[in-house]
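Here is the structure we will look at, set down as structure tokens.
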Amino acid sequence: MEFGLVLPLLTLVLLGMADTGWIFYNHGVLTRAVRAGCREGAVVDADGDPRSAAADAITQRMSDWRYACPGGSLCEPEVTLVGDAQGRSVLSCTVAVPVASLTGFVLPLEGVTLSSATRTYVENWESP
């Protein structure tokens, strides 16, 4: 009798832990993709465009992990290039993707939207 009363609560707690772990895992993957893609854009040679290189690298990494926005298309990263007070170029990369719930019991079935952002200095160099 006691087990029958405790089972629904125990199930809810376990499924909540699974959903929470799933969201944290996806946020970690997304953060690594944005950092690596932004870094790849920051080290293009002097003739390249850091913004397009970073956007392409982030999109490729998200595609590898099968992140998709509603409608099946990939979410476009927002990449900006600005100068700081010391005159250095700063590449700022941001992306937001929806992630569906793993179990559907704790989070809504639509899931949540995760976002990640990073900034890095652009390195100017000439290829040999």
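Brief remarks on what is shown
- Angle of helix 50-64 to the longest C-alpha principal axis of the chain, folded into 0 to 90 degrees and rounded to 10: 30°.
- Over the chain, accessible surface divided per residue gives 63 Å², non-protein components excluded, 1.4 Å probe.
- Dividing the convex hull volume of the alpha-carbon atoms in region 12-83 by its residue count gives 106 Å³ per residue.
- Taken over the chain, the convex hull of the Cα atoms encloses 122 Å³ per residue.
- Estimated at 0.36 nm per residue, the fully extended path between Leu9 and Thr113 surpasses their Cα-Cα distance by 34.8 nm.
- Computed from label points 7 Å out along Cα-Cβ, the spacing between Asp56 and Glu123 is 1.9 nm.
- Accessible area of region 1-104 belonging to carbon and sulfur atoms, whole % at 1.4 Å probe: 61
- Cα-based helix-to-principal-axis angle, 2-42 vs the chain, degrees rounded to 10: 10
The values are calculated or read from the model by the stated rules, or taken from the named source; none is laboratory data. Note that this is a predicted model, so its numbers are computed, not measured. Note that each Cβ is placed from the backbone with ideal geometry, even for glycine, and that neighbours are counted across all protein chains shown. With ligands, DNA and RNA removed, areas are computed over all heavy atoms of the protein, side chains included. Shrake-Rupley method; radii C 1.70, N 1.55, O 1.52, S 1.80 Å.
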